[in-house]
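Every number in this text was worked out from the coordinates using simple rules, so none of it is lab data. Keep in mind it's a predicted model, so treat the numbers as computed, not measured. Glycine gets a Cβ as well: all are built from the backbone with ideal geometry, and neighbour counts include every protein chain shown.
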Amino acid sequence: MHPFKVVVLGAGGVGKSALTVRFIQNVFLEHYDPTIEEAYRRNITVDGENSSLEVLDTAGAEQFTSLNEVYIKAGKGFVLVFSLTQEATLKEVDHLRKQIYQIKGDSGPIPIVVVGTKLDLVSEREVHQNTIKALASRWGLPFYETSAKRNWHVSEVFESLVRQMRTRYPLEEKTPTRKKKQIGCVIM
């Protein structure tokens, strides 16, 4: 089984915990309770292959953002979350995206999925699809619009990330090591 550390990042109140808990436990958190840090585990089968995910739901509150560097260093894949009902939260996603590239460097493509939450709140929507399409094209990253409340497109987010992580971090085949024969000293 392929183990991966996934880090969920975004501004406070955008729905990181609701998205994470919906994926892990298939329940919707009705009340907002600011997170400091929560770690979850779940096995997932994508395209017939099993993976084990350790999902770290991080704090969006300003006083905890200094921990982001630690999370980014440890993570293999990233879910960057913004709210479709708050256009300003896209700026935080852009900042986090740049921070990930800065910390992880250019050693290859970094598995990242960008997620707009609260798709069910149609009348409160501030981020238009044209904005999302333009950013997806410019950043070269997959974007998903989700609703944790209605369970719309939640699993697709994590499945897409698993595919990216598998490509970036392939499971290394372990080849059996042969024992070398002891060759004694020969005196002639």
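Among bridges DSSP assigns within the range 2-168, what percent are antiparallel (round to 5)?
DSSP beta bridges in the range 2-168 are roughly 35 percent antiparallel.
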Volume in Å³ per residue [convex hull over Cα atoms, computed for the range 111-157]:
64 Å³
Name the longest site-free stretch of the chain, where the excluded sites are GluC sites (Glu not before Pro) in a DSSP loop with no more than 11 other beta-carbon atoms within 10 Å.
31-171
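Which helices count as membrane-span-like in the chain under these terms: full DSSP H, at least 27 Å along the axis by C-alpha, Kyte-Doolittle mean of 1.0 or more? Spell out each step's value before the answer.
Values: long enough: none.
Span-like helices here: none at all.
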Would you compute, from DSSP H runs of 4+ residues alone, the mean residue ellipticity of the chain at 222 nm, taking -39500 (n - 2.57) per run and dividing by the full residue count, rounded to the nearest 500?
-9500 deg cm²/dmol
Kirkwood hydrodynamic radius, the chain, all distinct C-alpha pairs: what's the number in Å?
17.7 Å
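Just give me a number: lysine pairs in the chain, eight or more positions apart or cross-chain, with C-alpha atoms less than 13 Å apart.
On the way: 5/73; 5/76; 16/118; 16/149; 73/104; 76/104; 118/149.
Close lysine pairs found across the chain: 7.
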